[in-house]
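Reviewing the structure listed below.
Each reported figure results from applying straightforward, stated rules to the coordinates on display, with no laboratory input. Because the structure is a prediction, the values reported are computed rather than measured. Note that we place each Cβ from the backbone using ideal geometry, even for glycine, and neighbour counts take in every protein chain shown.
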């Protein structure tokens, strides 16, 4: 459930060790924070500890600007890596899209309905097709053509626009271009992509065609963070739908569209609620 | 993951309150217990707190016989209700079955394969059909016919056998008799039933026929604790399978058998690993 | 797969009888129709036969205006009930909606993307909230308030508008009013509703609250034809999503929205492609 | 629904062509066969036609020994390939298994319960572990060790036993050896395997480990016909289950066991009811 009062959200990862939960929860409690959610997970194979703690800010003992300094004595000896988020600080999101619009439609509808606590900053596309759709929502739309010869330059323009808009993260809503390393490195673990297959099956181009030719009985979609290796970034969410021999490639495309929308929207939901931790190319999702 | 060393498992429920996680985790940590799993859940609507803590017994500061006394100063002021389990104390399970044997087969296979940390104490049936199946596994089988006139007497015999075998819980593996109040009260929240529908739809007799006649497109099965109200006890697990107009009642029965086996086996798994808490006729399952 | 050439679609139901498939397929073939899809189903319990035949019109031996007369010698002795549809005659659809807009957004996006072969004729609502959303798509929006005292009058206005727009069918996209008998009788098996539960569980108002209170582990949505009995019409499609104790009512509402959209859209897809037959309050869906 | 009277089942594949359904159904009807099921499918991309027709033998105009000759005038000009099966001729099945017994248990239970119309002829294993389990069911068990040096010889012994038992098809119930080409060629499209992943993802050894390391959110199992290319044969059935970061490899193995049993059993069901056609390394399953 979404709390109605402002909260702080602390994401923690560190080597597993005795007393880590007690230390974390004691720190918040001693500073008069009311913990409303604590999710923790120990990867015993890796001896790694992960947690998400959320507490009400009302009555908390010190302003969060001091958090780093105050938390230091807890964090340093335990080699804790952490990130702190505020529930009332709305993330700024950009969308990149190509010709297929179903994910864009879905995102715009959720945004307009206030389903997510975000600012939708801008939409970038390598085609001009969806300018009208985006602009009728009162949102900036930038058409930046991408071709082999000019790709680096185009990415520079994209990066400039994204930085200028001060975006927190980027959603590739069926953006059909491969992002270059410098783009990816500019926004590490801040680019969410939807791939239209059940990864790692059918990575790369034309997954529905490939799925059809292989004769699978279930197709899927995968939301993942983008890394420099194509379709190999940490998986955030996947879902599937049953198909049969009766479905041609066109049918897979049609059925897959709904999967893609749903899977991508779940990944965005978790991302904007700070429920995802990444390690070793996998995700911990405190859903 | 199942820990390989003996652990203690503490199930806790209490009113939600500041500092409850810190207090619980500090208690274990201060007594040198290494917490390997902590699941907690706050029902904010009910202001209720639930937790499951599991820690390694190796090196723990005091023998568990003293737990109640030692934990008292933590528990009493916070109105904590708790249960303590040991991972290396195998629960004793009884199975009750009628004519349909698919769940019984499944349970016997899992038991023989060592899938669950249980002792399978005995099998009771109101029919003699499956004596051979049970006895070839080296297990006691008791045939206790149940008829309207002799039902109370039959239940007394059943209760006597179950008590004599010192069973911890009872699995109704498609046992097609309604248990009387005194039976149910003898084993509160210790009787698991599998109902062959997606409850609350199609409670009572002949759910597959009823599902077919209503023309549903998905059928289900439900594992729940047995209470005095038929098919209304706390739901532990449910699962479903898609059907179409093509499936007649016979097909639903056939497809449903697999659902029933799987759903019941998951409920048993969670029960024997002490992962289920009940409140307000609902379950918290720390799966 | 959707054929690219115009086709005729014949929906047939009749008592099961020897030679019925041969008679139907011979009729089309003898008149030079190339059958591209033939789905048939025999309900052996009811001795009822159902079929959907689709054939290419190119080269067919006679114009379809003569179909009734030509088919009569086949149909009458076999007591065949039939409906004939043309794939290139786009159905005219109306949408009725209340305050919740997620299904409306979804329908508008699919319509604008050309996902369905329909004309979207008009949107009716008992609230004025979504006028802007609808009108920016260039579609007529009518706000007809519905209150107990004026309900009959309001329905008369609705019916008048729907008839004037010459609609073929009506989609209740979370329209939160119960339609009166005369409305329902005016559009028999031509009103599709989405109910936000896995029917027959949780019919009526507040199904997510009821599902939460019962503690189910899976929630669902149901698309069905509207009949005079509330939430008891023939089910077209259902789907479900797994939930746990962690989801409060708000979460069920949120997760359910996506289910509702998908389930309703599948029902519309089958309806506009003439893939649904109704009998005995059930549907045959040749999906 | 399973018919109670003996039926004939004709599986047909041929180039798509006008009048093919009419020709097939007319042939049966003219010979006084009552068609109780007709499933057909046109792969328009391949211009290929597939059908399964089932009719009651009672009253059929000629004995089935004459079928080939009588059907010839229909089949030859249309280049029809066909197979004819009798519902009351029980297929003879062999099972091959290694150390993991869960699929074997499941198969034995279904066999003993009469769930499938089969004879279970024998069980082969490269280990002796499950001799007791098999023999207590009154079934022949053969332990044939397989090692690199003696593999060809071992397969010769296996083939000899299978031929001697006159088996119709072979189920690899987690048989962890790769079959050589001569074995596979001896039983073309008559060997069913269960692979413990959602193919084509994680083909080869240790799929659960690979799935865990990739961080997928859903795992699967795949039943397929065995061809000479490992894990690349035509897929018959797949199913999946949702997992999360919380599941270690051991948990995936445990959860996967249930998937494997169910998926394999569905494939066997369809195979023994003659519902599967293979073409272009894909299956048409008239389920």
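If you plug the beta carbon distance of residue A:242 and residue B:66 into 1/(1 + (r/R0)^6) with R0 = 35 Å, you get a FRET efficiency near 0.05. Working value for segment D:1-44: equivalent-ellipsoid semi-axes of 22, 14, 8 Å, each the square root of 5 times a Cα gyration tensor eigenvalue, largest first.
Listed by Cβ neighbour count within 10 Å, with the fewest neighbours leading, B:178, B:35 appear as B:178, B:35.
The mean sequence distance of close C-alpha pairs (under 8 Å, at least 6 residues apart), as a share of the length of chain C, puts its relative contact order at 15 percent.
Here the relative contact order of segment C:7-86, from alpha carbon pairs under 8 Å that lie six or more residues apart, stands at 47 percent. Among residues of chain C, the one whose beta-carbon sits closest to the C-to-B rotation axis is listed with its distance in Å as C:201, 2.
Each part gets one Cα centre, and for segment B:45-59 versus segment B:171-224 those centres are 30 Å apart. The C-alpha atoms of chain C define a longest principal axis, and helix C:151-164 lies at about 40 degrees to it. When each of the peptides C:235-242, C:68-75 is scored by how many other beta carbons lie within 10 Å of its residues on average, the order from highest to lowest is C:235-242, C:68-75.
A point 7 Å from Cα along Cα→Cβ stands in for residue A:152, and the other copies hold the same point at 5.7, 7.9, 9.2 nm, listed in rising order.
Tell me the angle of helix D:20-30 to the major Cα principal axis of chain D, expressed in degrees between 0 and 90 and rounded to the nearest ten. For D:20-30 against chain D, the angle is about 70 degrees.
Just the number, please: Stokes-Einstein D of segment B:107-165 in µm²/s, Kirkwood Rh from C-alpha pairs, 10 °C, 1.306 mPa s. Answer, rounded: 126 µm²/s. Put simply, the Cα atoms of segment C:7-86 extend 38, 23, 19 Å along their principal axes, the longest span coming first. Sorted fewest first by neighbouring Cβ atoms within 10 angstrom, B:189, A:176 come out as A:176, B:189.
Counting only other chain Cβ atoms within 10 Å of each residue's Cβ, the peptide C:246-252 averages 3. Sorted from nearest, the other copies put their residue C:67 label points 3.5, 6.5, 7.2 nm away, the label point being 7 Å from Cα in the direction of Cβ. With r defined as the distance between the Cβ atoms of residue A:143 and residue C:166 and R0 fixed at 41 Å, what FRET efficiency is calculated, to the nearest 0.05? Rounded to the nearest 0.05, the efficiency is 0.55. Each DSSP beta bridge with both residues in the protein assembly as shown is either parallel or antiparallel, and the antiparallel ones are about 70%. On a 0 to 90 degree scale, rounded to 10, what angle separates helix C:102-112 from the longest Cα axis of chain C? Relative to chain C, helix C:102-112 is tipped by roughly 40 degrees.
The value given for segment C:34-177 is a Kirkwood hydrodynamic radius of 18.4 Å, derived from the mean inverse Cα-Cα separation. Classify segment B:91-285: rounded, prolate or oblate, from the alpha-carbon gyration tensor (a ≥ b ≥ c, eigenvalue square roots; a/c under 1.5 rounded; otherwise prolate if a/b is larger than b/c)? Cα axes put segment B:91-285 in the rounded bin.
Mean partner shielding of peptide C:279-287, defined as the number of other chain Cβ atoms within 10 Å of each residue Cβ, is 4. Summarising the overall dimensions of the protein assembly as shown from its C-alpha atoms, the Rg and Dmax are 31.1, 93 angstrom. Each of A:99, D:18, C:275 was scored by other Cβ atoms within 10 Å of its Cβ. Arranged with the fewest first, they read A:99, D:18, C:275. Placing a label point 7 Å from Cα along the Cα-to-Cβ axis, residue D:132 is separated from the same position in the other copies by 2.1, 7.5, 7.6 nm, shortest listed first. Other protein chain C-beta atoms within 10 Å of residue C-beta, averaged over B:31-43: 5.
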